[in-house]
Amino acid sequence: MNYIVSFNNITEKEIYLAGGKGSSLAKLVKAGLPVPPGFIILPNAFYNNTLREDFKNILESFISKLSDKITYAVRSSAIGEDSKNASFAGAYETMLDVKRIDIASAVDKIALSAKADRVTEYAKNRDAECGGIAVVVQQFVKPEYAGVLFTSNPITGNSTKMIGNYVKGVGESLVSGSSNAIEFSFDAMNYSFKGDDKIKPYAKKLFRYAVKIQKLYGCPQDIEWAVSNGKVYILQSRPITTLRRCNTDTYEINGSLGGEYLFTKTNVGEIFMHPVSPATYGILESIFDMIGIHYFVENIYGQLYCNISVICSLLVSFGVSKKKAYSLISDIAGNLPDDIEIPLFQFNKIYFIKKIATLIFSKKSKSNLKMSNKEFSNNISNIADELIKKIHTINENNELYDFWVNECDAFMTKVMNTIISSVSVKQLFNTRNHIIKIAGETLANELCSNCSSNGILESMKPLLGIEDIISGKITKEEYVKKYGHRSPDEMELSCPYPYENPDFPFNRIEEHEKSGINAYKLKSEQEKRYEKAVAEFKTMYPNKSEWLDKTLSNFSKAVYTRENVRSQSVKLFCLMREYLLRASKLNNLGDDIFMLYFTETMQLLKGNTSVIKNIPTRRQNYEYYLKLPKFPNIIVGRFEPKQWLADENRRTDFYLFGKNITDNSNKNYTVKGYAGASGVVVGVARVLNDLSQSEQLKQGEILVTTATNIGWTPIFTKVSAIVTDIGAPLSHAAIVAREFGIPAVVGCGNATQEIKTGDIIRVDGINGTVIKI
């Protein structure tokens, strides 16, 4: 192995040994950024932080070939230094303007600094890794100006403005505080420079380099730069440690610390109603990386949020106005508090386009599964079942590894391809709003209530299927095959599916028979109200009769397709769960398999048992997350759960970083949300925090809860109305309530905070209000 490697010629294997600074500089050089040339002395050249005797002659020989006409910067590049978790700023020695003949002694001094008390103390306080050290030697550029540039605000995380400062001369005076820094800034969304005229000639180039570096690393950066002889140089780039969102080793994760974003639980909070395990979140990150939308689903102590800033920034990057961007997704994203600005950032649309193109035209998705997207989408479940059968027959780690690589991976890619290709975003987003502009919200809700013209929606089938068993239309075995994968936690890999329970579906049949409700009758009555609404619209707007038929047909098809693809795609998670369970059985890990990220499971199957060392710490953190209450439905900016929990006046509907927003509860409340499904009902409220409490629900009560998903559908027929904190017109509660004709107000934000079990309330599904009587 080499002891000395240049920035240009370092290999992938060597880059992992080069320490934080060395590996970063090598990556910058390979990306074409203007880094002063240099080389890295790898850790194997040192023993006990001093140069090995057998290496000294090699180093002297190498140094003898360097130029005397320039001087050099000798800098540390230790393990853990300049990482996402810790910068070790100033902890190790740095020597600048070093003559060629003094390089060897400078290297010794830098290496010995790894033993300094300040390094050990810093690592202890930051719980950071420290140990072996590499040393960087590069050409010293004597700067006219030197400084730092943060691509996001290191306090708030706001990425619309890059902020920096600089000094005249060497940048060490900036770090030490011996010189007063001069501040400047860039508008990151639409380049503009604000600062001293002295560096204005170099500003645009520095900005372009900063944009390129952030895209290279995919996270906010702290960039050291200098101007020498009229040229801008990049001296170093590291993650902004105050914006650390995740420690993957321990599963300590708070995505709100990664930048200034707007998060909402609408839709994603309906799918993932409890904190997710490391295995599940690792898969979700892989999926969204696959389509080029990093952090679209974000994780705060295991609780998942939709990052509205990501999707709006994506739309803005394609020329959509900021206001229009949110209006396009409001039916899915839900209501926002008044006067809230959605933080945006510069979205990398080229990267996104390339990722989507790669996915759609991927050879993996076509190699073993030669069928159209439509044909494939109708067979996802069957293909997954066949793959699961094969998994159960595998008894060797290597065979299980190869099976995923050769068969399951192509299936996963094809499923993602199908999801992207099948759903009509335009019809889902625009139809309801278009009808509202013509005929008002009440009639629009009725017209959008019948999405079954293309077939019964998947989210309704588990309930209607129970009646089919009772009437003899299908057998229990057929029911299990069709709907045994649908559950409240159907995308959490650590949770068993209903088909794994031998008592399923007998328990559902018994519960439904006790209710005495006929779900098909409810649906039929709603269809009559829908037909009446269609006739009313056509009477009022006869010239739009043909348009309405076509619009509603397309909308129904889009909703049906979305529901069908999602139901089928849940089988992807069934497949992954069965795969992990098999890996667990082969390696005697039990439920600990779900404390590993999927990539680690694959490494385990290849014989790398070191991946299990972090399981105890991750399990401890995950079990702590499971005990926490639900965080606010909407979060803007940095959110510290422990501080929020300590606040007696905390709100569960909304949190805005830097603002003191106290408890807004009141005795004579009016809760406002979306008109989810038409109708007005007065009744007794039943607040349920979780589906496991459903036995408390009495026939005819009004269900008040945070959110619902398909797992809640079987109890819908017991309630007279539905009220949720989380939701929008195209969320589960709204769609299914409309289909069954159950009045609903969704996306209220604070309903579970304001309403108590036993309250007499009036639910107005026409105007979207809930009033205490």
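So here's what we get for this one:
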{"quantity": "Every pair of residues 6+ apart whose Cβ atoms lie under 6 Å, when the first sits in segment 622-650 and is more than 23 Å from Asp339 (Cβ to Cβ) and surrounded by 12 or more Cβ atoms within 10 Å (Cβ to Cβ) while the second is basic (Lys, Arg) and at pLDDT 95 or above", "calculated": "none"}
{"quantity": "Answer residue from segment 536-562, given it is within 43 Å of the chain's Cα centre (by Cα) and aliphatic (A, V, I, L, M) and is nearest to Glu458 (Cα to Cα) among those", "calculated": "Val559"}
{"quantity": "Residues of segment 583-620 classified as touching a residue at least 60 places away in the same chain (Cβ under 8 Å), of a type in the set (S, T, N, Q) and over 25 Å from Thr393 (Cβ atoms), total", "calculated": "2"}
{"quantity": "Qualifying residue in segment 516-527 (condition: in a helix (DSSP H, G or I), basic (Lys, Arg) and under 18 Å from Pro743 (Cα atoms))", "calculated": "yes"}
{"quantity": "Unmet criterion (only one of (1) closer than 28 Å to Gly218 by Cα; (2) at pLDDT 75 or above; (3) hydrophobic (A, V, I, L, M, F, W, C)) for Cys130", "calculated": "(2)"}
{"quantity": "Qualifying positions in segment 447-462 - modelled with pLDDT of 80 or more, under 18 Å from Arg566 (Cα atoms) and either open to solvent by 10 Å² or more (accessible area, probe 1.4 Å) or more than 31 Å from the chain's Cα centre (by Cα) (or both)", "calculated": "Ile456, Glu458, Lys461"}
{"quantity": "Segment 149-166 residues that are at positive phi, paired with ones that are open to solvent by less than 10 Å² (accessible area, probe 1.4 Å) (beta carbon under 6 Å, 6 or more apart)", "calculated": "Gly157/Gly259"}
{"quantity": "Meets criteria (within 23 Å of the chain's Cα centre (by Cα), more than 30 Å from Gln526 (Cβ to Cβ) and either modelled with pLDDT of 90 or more or of a type in the set (Phe, Trp, Tyr) (or both)) for Thr652", "calculated": "no"}
{"quantity": "Filter result for the condition that a residue is part of a strand (DSSP E or B) and closer than 30 Å to Phe654 by Cβ, over Ser185, Ser237", "calculated": "Ser185"}
{"quantity": "Odd one out for Pro496 among (1) in a helix (DSSP H, G or I); (2) more than 30 Å from Gly334 (Cβ to Cβ); (3) open to solvent by 30 Å² or more (accessible area, probe 1.4 Å); (4) touching a Lys or Arg at 6+ places or on another chain (Cβ under 9 Å)", "calculated": "(1)"}
{"quantity": "Residue in segment 576-583 that is surrounded by fewer than 16 Cβ atoms within 10 Å (Cβ to Cβ) and assigned to a helix (DSSP H, G or I) present", "calculated": "no"}
{"quantity": "Which numbered condition Asp549 fails, given (1) open to solvent by 20 Å² or more (accessible area, probe 1.4 Å); (2) outside any helix (DSSP H, G or I)", "calculated": "(2)"}
{"quantity": "Subset tally (residues that are closer than 30 Å to Tyr72 by Cβ and either open to solvent by 10 Å² or more (accessible area, probe 1.4 Å) or of a type in the set (Val, Ile, Thr) (or both)) for segment 235-255", "calculated": "5"}
{"quantity": "The listed residue being surrounded by fewer than 24 Cβ atoms within 10 Å (Cβ to Cβ) and over 22 Å from Ser515 (Cα atoms), out of Asp690, Asp764, Asp725", "calculated": "Asp764"}
{"quantity": "Leading residue by the ranking (modelled with the lowest pLDDT) among those in segment 136-165 that are among the hydroxyl-bearing types (Ser, Thr, Tyr) and touching a helix residue (DSSP H, G or I) at 6+ places or on another chain (Cβ under 9 Å)", "calculated": "Ser159"}
{"quantity": "Residue among Arg638, Arg619 that alone is among the charged types (D, E, K, R) and touching a Gly at 6+ places or on another chain (Cβ under 9 Å)", "calculated": "Arg638"}
{"quantity": "Residue within segment 474-486 that is farther than 18 Å from His732 by Cα, small (Gly, Ala, Ser) and more than 35 Å from the chain's Cα centre (by Cα) present", "calculated": "no"}
{"quantity": "Failed criterion for Val559 (all others in (1) at pLDDT below 95; (2) of a type in the set (A, V, I, L, M, F, W, C); (3) over 21 Å from Thr713 (Cβ atoms) hold)", "calculated": "(3)"}
{"quantity": "Of residues in segment 166-205 being modelled with pLDDT of 90 or more, open to solvent by 70 Å² or more (accessible area, probe 1.4 Å) and under 28 Å from Gly32 (Cβ atoms), the one farthest from the chain's Cα centre (by Cα)", "calculated": "Lys198"}
{"quantity": "Top-ranked residue in segment 5-33 [being open to solvent by less than 30 Å² (accessible area, probe 1.4 Å) and farther than 21 Å from Pro239 by Cβ; ranked as modelled with the highest pLDDT]", "calculated": "Val5"}
{"quantity": "Matching residues, segment 655-691, being polar (S, T, N, Q) and at pLDDT below 90", "calculated": "Asn660, Thr662, Asn664, Ser665, Asn666, Asn668, Thr670, Ser678"}
{"quantity": "Of the criteria (1) under 30 Å from the mean Cα position of the chain (by Cα); (2) charged (D, E, K, R); (3) open to solvent by 50 Å² or more (accessible area, probe 1.4 Å); (4) over 30 Å from Ile394 (Cα atoms), which one Arg566 fails", "calculated": "(4)"}
{"quantity": "Residue check for Thr670: more than 29 Å from Leu626 (Cα to Cα), open to solvent by 10 Å² or more (accessible area, probe 1.4 Å) and touching a residue at least 60 places away in the same chain (Cβ under 8 Å)", "calculated": "yes"}
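Condition check ((1) more than 26 Å from Val570 (Cα to Cα); (2) assigned to a strand (DSSP E or B); (3) aliphatic (A, V, I, L, M)) across all residues:
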{"residue": "Gly683", "(1), (2), (3)": "yes, yes, no"}
{"residue": "Arg686", "(1), (2), (3)": "yes, yes, no"}
{"residue": "Ile726", "(1), (2), (3)": "no, no, yes"}
{"residue": "Leu730", "(1), (2), (3)": "no, no, yes"}
{"residue": "Val736", "(1), (2), (3)": "no, no, yes"}
{"residue": "Cys748", "(1), (2), (3)": "yes, no, no"}
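The values are calculated or read from the model by the stated rules, or taken from the named source; none is laboratory data. Please read these numbers as outputs of a predicted model, since none were measured by experiment. Neighbour counts run over all protein chains shown; Cβ positions are idealised from the backbone, glycine included. Just the protein is used for accessible areas: all its heavy atoms, side chains included, with ligands, DNA and RNA removed. Shrake-Rupley method; radii C 1.70, N 1.55, O 1.52, S 1.80 Å.
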